[in-house]
Amino acid sequence: MSEAARVWWRDGTIYQIYPRSFQDSKNDGVGDVRGILQRLDYLVSLGIDAIWISPFYLSPMADFGYDVANYCDVDPLFGTLADFDALLAATHERGLKLILDFVPNHTSNQHPWFLESRSSPANPKRDWYLWRAPAPDGGPPNNWMSNFGGPAWTFDEATGQYYYHAFLPEQPDLNWRNPEVREAMYAAMRFWLDKGVDGFRMDVLWLLFKDEHFRDNPPNPDYSGPPAAWSFLPVFTADQPETLDVVAEMRTLVDQYRDRLLIGEIYLPLKELVKYYGAESPDGLRGAHLPFNFQLIQTAWEAPLVAQLICDYEAALPPGAWPNWVLGNHDQQRLATRIGAEQARVAAVLLLTLRGTSTLYYGDELGMPDARISPDQVRDPAERDQPGVGKGRDPERSPMLWENRENAGFTGAGVATWLPMVWDWPQFTVETEDVDTSSMLTLYRRLLALRRTRPELYSGVVIEVSEESGVLSYLRCHRDKRIRVLLNMTGEDRWIECPPGRLLLSSFLDRDNIVVGWIELRRNEAVIIDLDV
């Protein structure tokens, strides 16, 4: 592929920023928009191509910004619209792209739309949300459950009906069957696109529509225990066929602007996930450019399973679809905690050598583990409202580690951070790892530089995926150029037969030599080998 034909979101790497935890510029213990601007040069030096910022919209913060009260403004906690404009301009000046997190499924219960909807059954915006009469016994209309625990219905005393919320009661779901709702949301998208943002990551995209007959979800035969979100299968509350029509409309809107990207958060099996690429047309697929593929997070970290996943995903992709891979985000246990610090280096090589767009989560490039959150430090409603369930997302949202001084340079000295720092944080700071030639940060920089310059990695095919004795192997090929990737996903040394070639990189960053016939992979080691020398 020539330089002229390269597409930023296909060839590039996306870096997710959770704004509360990236950089605090106001010394109040919470990260903000100006803080992100202050750290842009670090992101350039890392070698990523685009940043995706979790919500910073006006919000009561019941779910830390995923309860939106105004889609076209910045919450004062994070700054102002002028701050955002400055960030966007500075991002583009540095050759980076900026992607916003958009929340189409629900608003805050303090959004003016919901306040109108709640005011009277006769209000014109009543049908903008999902209101239902009580069941004959006066209880909720059906058995739908909230993802954060308890029924997904809250009774409104003033109007005598229940409203539906897939998450918190403070997050009422919008009625996407109402064309006025759709147009209002598309207008909000246009507001940001007109400013010049480069795309959207659509939150819980597969949940937009619910069964129009409000039928009960069937019981989950694999669950036994107290009532919970997983007590029932979400047959009538997720992945409804009408959702794909709305995704196509979103794609049409985004395509009215040049070089913009539509990403969908979609936790579904591969067969259902790939439908969100959309239907074929003369102009290509008409769905999300990148329906997020979370399978590496959900699959056990074992070489045979990962090898099979790569093959299954590649086989499931529709013609013309571009793959993508994710190993961490703000809702998942951090990579270094999930699979261990040693294998996290192997995972970095995997993520940045697979075919498709890679998405990194802030701090994973430092090997940051989960923070330790005591009961009195819990902030996440997913844990707070379900004590003891272990659904909390606070551990993976702890502040970014920048410098070897108090609060790791995230905020000022003596300021209480909104979440605690990770334990033993000085070993994980950018300052510490920046001068360590064998650090995780150095590994990510080397990998990103290699991915940026080698067409085998940013656009080549992936073939010969195999597994032997816990070692995952595949070829990345572009025209007549070939790169072999070998990943030892075990805690034991392995001898692997390999054609002659030049070792481009070891995950240990301690060797660079000619490989002849066989290579000894040390335990927890991954290597990248240029076969055409």
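The numbers here are math on the coordinates, done by the rules we state, and not lab data. Keep in mind the model is a prediction, meaning the values are calculated, not measured. Heads up, the Cβs are rebuilt from the backbone with ideal geometry, glycines too, and the neighbour counts pull from every protein chain shown.
Express the Stokes-Einstein translational diffusion coefficient of the chain in µm² s⁻¹, to the nearest whole number, given a Kirkwood radius over alpha-carbon pairs, 37 °C and a viscosity of 0.692 mPa s.
135
Counting every Cα pair in the range 51-157, what percent are over 17 Å apart?
For the range 51-157, the share of Cα pairs beyond 17 Å comes to 64 percent.
Could you tell me which of 368, 292, 404 has its Cα farthest along the dipole of the chain towards the positive end, charges placed at Cβ (Lys, Arg +1; Asp, Glu -1), taken about the Cα centre?
The Cα lying farthest towards the positive end belongs to 292.
So what is the relative contact order for the chain, in percent, with contacts set as C-alpha pairs under 8 Å and at least six apart?
The normalised contact order for the chain reaches 12 percent.
If amide H atoms are built 1.01 Å from N in the plane of the peptide, which residues on other chains or at least 5 residues away come under 5 Å of the amide H of residue 504?
528, 529, 530
Mind sorting 339, 53, 519 by how few other Cβ atoms lie within 10 Å of their own Cβ, fewest first?
The fewest-first ordering by Cβ neighbours comes to 339, 519, 53.
Using modelled backbone amide H atoms (1.01 Å from N, in-plane), which distant-in-sequence or interchain residues come within less than 5 Å of residue 498's amide H?
When sequence neighbours closer than 5 places are left aside, the close amide H contacts are 517, 518, 519.
List the pair-distance distribution P(r) of the range 112-164, using every Cα-Cα distance, as the percent of pairs falling in each 5 Å bin from 0 up to the bin containing the longest distance, rounded to whole percents.
Result returned by the calculation: 5, 22, 29, 22, 17, 6, 0.
Would you report the distance distribution of C-alpha pairs in the range 406-478 as whole percents per 5 angstrom bin, up to the bin with the largest distance?
Calculated P(r), rounded to whole percents: 3, 13, 13, 13, 13, 13, 10, 9, 7, 4, 1.
Seen from all sides and averaged, what is the projected area of the convex hull of the Cα atoms in the range 364-435, in nm²?
4.9
Report ³J(HN,Hα) in whole Hz for each residue of the range 66-76, in order, from the Karplus equation J = 6.51 cos²θ - 1.76 cosθ + 1.60 where θ = phi - 60°; Gly and Pro get x.
Values, residue by residue: 7, 10, 8, 9, 7, 6, 10, 8, 9, 5, x Hz.
With +1 on each Lys and Arg Cβ and -1 on each Asp and Glu Cβ, and nothing else charged, work out how big the dipole of the chain is about its Cα centre, in Debye to the nearest 20.
Value, rounded to 20: 820 debye.
Once amide H atoms are built 1.01 Å from N in the peptide plane, which residues 5 or more positions from residue 106, or in another chain, come under 5 Å H to H?
174
Using θ = phi - 60° and the Karplus relation 6.51 cos²θ - 1.76 cosθ + 1.60, list the HN-Hα couplings for the range 171-182 in order, rounded to whole Hz, with x at every Gly or Pro.
With coefficients 6.51, -1.76 and 1.60, one gets 10, x, 6, 6, 9, 6, 7, 8, x, 5, 4, 4 Hz.
Under a point spin-label approximation (7 Å from Cα along Cα-to-Cβ), what is the residue 279-residue 187 distance to one decimal in nm?
2.8
Given points 7 Å out from each Cα along the Cα-Cβ axis, report the residue 461 to residue 510 separation in nanometres with one decimal.
3.8
Which whole number in µm²/s is D for the range 454-533 by Stokes-Einstein, with the Kirkwood Rh taken over Cα pairs at 10 °C and 1.306 mPa s?
My calculation gives 126 µm²/s for D.
For the range 150-231, calculate the relative contact order in percent as a whole number, restricting contacts to Cα pairs under 8 Å that are 6 or more residues apart.
20
In whole Å and largest first, what semi-axes does the C-alpha gyration tensor of the range 290-341 yield when each eigenvalue is scaled by 5 and square-rooted?
Semi-axes from the Cα gyration tensor: 22, 14, 6 Å.
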